[in-house]
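Beneath this line is the structure, given in structure tokens, with notes to follow.
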Amino acid sequence: MPSPCFERVVVVLHRPENPVNIGAVVRAMKNMGFGRLRLVQPTSYTPADLLRIAHHAEDVIERIEHFDALDDALADAHFVVGTAAIHHPEHRTTNDLRALAPELIQRAAGGNVALLFGPEADGLDRSALDRCHLIATIPTNPAYPALNLAQSVLLFLYELRIAVQCGGEAPLTHQAHATQAELERLFQLGEEALHAIDFFKYNPAAVMRTLRQIAYRAELRPDEVALLLAIARQMIRAASRRDVSTS
């Protein structure tokens with residue numbers, strides 16, 4: 001029987017380009033016992049297109065969720081793992097899926113874990129990578145590192161399945177962390193507050209990218225996010241009063 005933690009592992013495909021690859025992902029998920037698939041701006045397809053590749057996977061196909069925006073697809077995730085064929089030094093990264101898998105299973109005991117995969121042609125863009133708490137790469141031949149989308153999904157889910165079989169059900173030891181939606185609100189209001197106090201002296205996007213990584217490493221709780229939001233709101237109000245008094 002699938003582990004209960006499998007229900008809190010969500011595979012997210014960002015702008016998948018080929019129905020055959022979507023069907024192959026469904027098949028990989030069915031093989032490994034995972035059932036939650038989210039598609040963000042997918043290419044047009046029909047259930048029959050997927051069933052031609054993923055025979056007897058009607059249950060997974062019926063549960064597919066569709067989203068117009070990546071932030072909506074990740075909103076209820078407590079931890080987001082992005083995937084990439086190349087190293088991204090500005091992000092926390094790993095190429096050891098076997099060591100990562102037990103950590104993800106333990107995290108899934110306490111909240112949703114999203115595995116994010118990008119378009120087949122180009123992978124995740126910079127904006128999508130910024131939504132990831134961790135970037136994972138698969139150690140492939142450096143001369144030909146890019147895997148097929150479904151192959152990547154299968155390798156990730158296989159390692160998660162092996163982690164459960166080797167270690168049993170993960171105990172619920174993680175505290176409740178903020179969801180991605182809560183963090184995105186913090187980043188949005190935080191950037192607004194920093195603009196209000198004229199903090200930015202150069203590229204705001206680069207500063208915010210660094211602040212995102214700090215927040216991800218801190219693994220903020222919801223109450224901590226609420227405190228930082230209150231500080232940001234007060235900064236905005238103080239800056240507004242300053243501007244009024246000097247006008």
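If you check residue 66 against the conditions, is it open to solvent by 20 Å² or more (accessible area, probe 1.4 Å), touching a residue at least 24 places away in the same chain (Cβ under 8 Å) and touching a Lys or Arg at 6+ places or on another chain (Cβ under 8 Å)?
Yes.
For residues in the range 114-152 being part of a helix (DSSP H, G or I) and under 17 Å from residue 95 (Cβ atoms), which is nearest to the chain's Cα centre (by Cα)? Show your work before the answer.
Of the range 114-152, the ones part of a helix (DSSP H, G or I) are 126-130, 149-152.
Adding the requirement that they be under 17 Å from residue 95 (Cβ atoms) leaves 129, 151-152.
On the way: 129: 8, 151: 18, 152: 15 Å.
Filtering the range 114-152 for residues that are part of a helix (DSSP H, G or I) and under 17 Å from residue 95 (Cβ atoms), the one nearest to the chain's Cα centre (by Cα) comes out as 129.
Looking at 38, 98, which one is of a type in the set (Lys, Arg), surrounded by fewer than 21 Cβ atoms within 10 Å (Cβ to Cβ), under 19 Å from the mean Cα position of the chain (by Cα) and outside any loop (DSSP other than H, G, I, E, B)? Spell out how you get there, then give the answer.
On the way: 38 fails: surrounded by fewer than 21 Cβ atoms within 10 Å (Cβ to Cβ).
It is 98.
Looking at (1) at pLDDT 95 or above; (2) farther than 26 Å from residue 212 by Cβ; (3) out of contact with any Asp or Glu (no Cβ under 8 Å at 6 or more places or on another chain), can you tell me which one residue 141 breaks?
(1)
Conditions tested, residue by residue: (1) without any contact (Cβ under 8 Å) to a residue 40 or more places away in the chain; (2) surrounded by 12 or more Cβ atoms within 10 Å (Cβ to Cβ); (3) more than 22 Å from the chain's Cα centre (by Cα); (4) assigned to a helix (DSSP H, G or I).
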site: 189; (1), (2), (3), (4): no, yes, no, yes
site: 199; (1), (2), (3), (4): yes, yes, yes, no
site: 209; (1), (2), (3), (4): no, yes, no, yes
site: 212; (1), (2), (3), (4): no, yes, no, yes
site: 217; (1), (2), (3), (4): no, no, no, yes
site: 225; (1), (2), (3), (4): no, yes, no, yes
site: 233; (1), (2), (3), (4): no, yes, yes, yes
site: 236; (1), (2), (3), (4): no, yes, yes, yes
site: 244; (1), (2), (3), (4): yes, no, yes, yes
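Residue by residue, here is whether (1) assigned to a helix (DSSP H, G or I); (2) open to solvent by 10 Å² or more (accessible area, probe 1.4 Å); (3) at positive phi; (4) in contact with a helix residue (DSSP H, G or I) (Cβ under 8 Å, 6 or more places away or on another chain) holds:
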site	(1), (2), (3), (4)
7	yes, yes, no, no
12	no, no, no, yes
23	yes, no, no, yes
43	no, yes, no, yes
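The values are calculated or read from the model by the stated rules, or taken from the named source; none is laboratory data. Remember, predicted model here, so these are calculated numbers, not experimental data. Glycine gets a Cβ as well: all are built from the backbone with ideal geometry, and neighbour counts include every protein chain shown. The accessibility values were calculated without ligands, DNA or RNA, using every heavy atom of the protein model including side chains. Shrake-Rupley method; radii C 1.70, N 1.55, O 1.52, S 1.80 Å.
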